[in-house]
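The values are calculated or read from the model by the stated rules, or taken from the named source; none is laboratory data. Remember, predicted model here, so these are calculated numbers, not experimental data. As a convention, Cβ positions derive from the backbone with ideal geometry for all residues, glycine included, and neighbour counts pool all protein chains shown. Please note that ligands, DNA and RNA were not included when accessible areas were found on the heavy atoms of the full protein model with its side chains. Shrake-Rupley method; radii C 1.70, N 1.55, O 1.52, S 1.80 Å.
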Amino acid sequence: MLNKPVLVESLIVFVIVLFVHTVVWDRYSWCAVALAVQAFYVQFKWDCLLQLGGAVFQFRAAANSGLLPASMVIPLLGIVMKERCKSAGIVYFERFGIVVASTGMLVALFLSVIAVGITKPVPTNTCILTGVAGSIIIYTMKHSLTVSEVIEVLEVLLIFVYLSMILLYLLPRCFTPGEALLVLGGISFVLNQLIKRSLNVIEGRGDPIDFFLLVVVVGVVLLGLFFTVLFIFMDSGTWISSMFFHMMTAVLGLGVIMPWLYRLIQRNPLFWLLQFLFQTQTRVYLLVYWTFLAASACGVVFYQNAKRSSESKKHQASTITRKYFHFIVVATYIPGLIYDHQLLYVAAVLCLAVFIFLEYIRYFRIKPFGQTLRHLLSLFLDERDSGPLILTHIYLLLGMSLPVWLFPRSCAPKGTLSGAGALVPYSGVLAVGVGDTIASVFGSTMGEIKWPGTKKTFEGTMTAIFAQIIAVALILIFDSSVNLNSSYAWILASVSLVSLLEAYTTQIDNLLLPLYLQIMFM
């Protein structure tokens, strides 16, 4: 039997799916509902495999598989993007939304087939459900996609299969199956988009900041794969290996990533970046302000480690201490969202590259900072950092940035959407920066009534909902581009459902919650 938290989590996801399709009902809605039903049943098989140790790879312990909530994210994003761009009359991005939805469904279906295939004895009813859902999805794809779009979907699936085999083997216990679906599915799609756009470069077509995101994400992933394979044959902790690491990083950066970006944007990437960052006085002020906040975050890390040294070697940072970083991130993103979306977009990409590069230095023990980073960051570990990588701070950055990166600018008149859609870029700030932070702080300090089967409290969830509503009111006051057009009931329902999901999910909430809130707002 599925335990109660998993049942409630699944119920919340079903409600979100139905909410979306009360607004957007078409042929893809049948596919989404069929996918959700089969994912619910296959999730039970994945949970059994994880408990019995029958999964092929080692997944993160102390969490369920999370297949249902993860399976619905990419398809729903594609469906709402298609609908938004259809209403704006942008045919290219309408078709792009269909490709995103189809890709998400096929990748989720593949993960379900894997679970059913390795379950012994073979679960007959689940096999039938998976077959029916697969037939509906493939039939709809056959009558919706062009030949080139079908090839694109299959390319992403192929990349996903190879990436999964490589990264899940190299990084045991870093992901649940659901988190692997989201993270590796996203990387696979980005890699395929970069290859496609690199082969079809047309001067003047495409926004340089979109190319910048694609090249940086693929570049840092390929850098990590290269050094992981290399350090199988070398001891990464020596000075010679460390020198080689820094030298090869420079070679790959200047010899591969920079020329790749030059081909896409048709200008010198360094000159373009410097000109972009210092283009206006507002951007200079924002960069100075963000530098101060980054220094403050480093100060918190050093202070907490000094405190550990003076008190106890086993001292760990409390939940409230870890939420300091959430407050700092909110203070970082709000001015960027109000004054300069594009600068925030590029700054978040740069920050992601820096975070991942520092994690490589820590993981490989690269001198002179590798061991120091290991010592400093060990203070902030929690049960979700059970694998060789520390990913929670990267997930926090991704949760805040994904709504900014995935905002359909081309389908938004005057750069903003109407109604609840105007809050799409703020999804990360509301769900993670405000909601999750307030729920943790108030729940851990004043919460007494626990939700059945979880450690989360009723008081924490209710306070989170209230805090997000106040945050929406403040956004209305300070951001003149936001116009909700009386869609307050939908906003309240969206915030409430996502806050309930935070209370019951065992997945990485920093990644999952902003995406679901973005889907509801769009």
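Any residue at all in segment 43-59 that is closer than 17 Å to Gln507 by Cβ and modelled with pLDDT of 85 or more? Scanning segment 43-59 turns up at least one residue that is closer than 17 Å to Gln507 by Cβ and modelled with pLDDT of 85 or more. Out of all the residues in segment 298-309, is one or more open to solvent by 60 Å² or more (accessible area, probe 1.4 Å), under 20 Å from Leu350 (Cβ atoms) and in a helix (DSSP H, G or I)? Yes, segment 298-309 contains a residue that is open to solvent by 60 Å² or more (accessible area, probe 1.4 Å), under 20 Å from Leu350 (Cβ atoms) and in a helix (DSSP H, G or I).
Quick grid of which residues meet (1) touching a Ser or Thr at 6+ places or on another chain (Cβ under 9 Å); (2) surrounded by fewer than 24 Cβ atoms within 10 Å (Cβ to Cβ); (3) among the acidic types (Asp, Glu); (4) free of Cβ contacts under 8 Å to residues at least 24 places away in the same chain:
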position	(1), (2), (3), (4)
Lys45	yes, yes, no, no
Asn64	yes, no, no, no
Leu76	no, no, no, no
Ser102	yes, no, no, no
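Can you tell me which residues in segment 468-485 are open to solvent by 20 Å² or more (accessible area, probe 1.4 Å) and in contact with a helix residue (DSSP H, G or I) (Cβ under 8 Å, 6 or more places away or on another chain)?
The first filter runs over segment 468-485 and keeps only residues open to solvent by 20 Å² or more (accessible area, probe 1.4 Å), leaving 469-470, 473-474, 476-478, 480-481, 483, 485.
Answer for segment 468-485, where residues must be open to solvent by 20 Å² or more (accessible area, probe 1.4 Å) and in contact with a helix residue (DSSP H, G or I) (Cβ under 8 Å, 6 or more places away or on another chain): Ile469, Phe478, Ser481, Asn483, Asn485.
Of everything in segment 442-467 that is aliphatic (A, V, I, L, M) and open to solvent by 30 Å² or more (accessible area, probe 1.4 Å), the residue that is nearest to Ser487 (Cα to Cα) is Met462. Within segment 83-100, the set of residues being surrounded by fewer than 19 Cβ atoms within 10 Å (Cβ to Cβ), in a helix (DSSP H, G or I) and small (Gly, Ala, Ser) comprises Ser87, Ala88. In the condition set (1) of a type in the set (D, E, K, R); (2) closer than 18 Å to Phe57 by Cα; (3) surrounded by fewer than 16 Cβ atoms within 10 Å (Cβ to Cβ), Glu179 is compliant with all but (3). Within segment 497-522, being outside any loop (DSSP other than H, G, I, E, B) and open to solvent by 30 Å² or more (accessible area, probe 1.4 Å) holds for one residue alone: Leu500.
Select from segment 268-311 the residues that are charged (D, E, K, R) and in contact with a helix residue (DSSP H, G or I) (Cβ under 7 Å, 6 or more places away or on another chain) and write down the one among them that is farthest from Leu381 (Cα to Cα). First the steps, then the outcome.
Within segment 268-311, the subset charged (D, E, K, R) is 283, 307-308, 311.
Next, from what is left, pick out any that are in contact with a helix residue (DSSP H, G or I) (Cβ under 7 Å, 6 or more places away or on another chain): 283, 308.
Numbers: Arg283: 34, Arg308: 14 Å.
Checking each candidate, the answer is Arg283.
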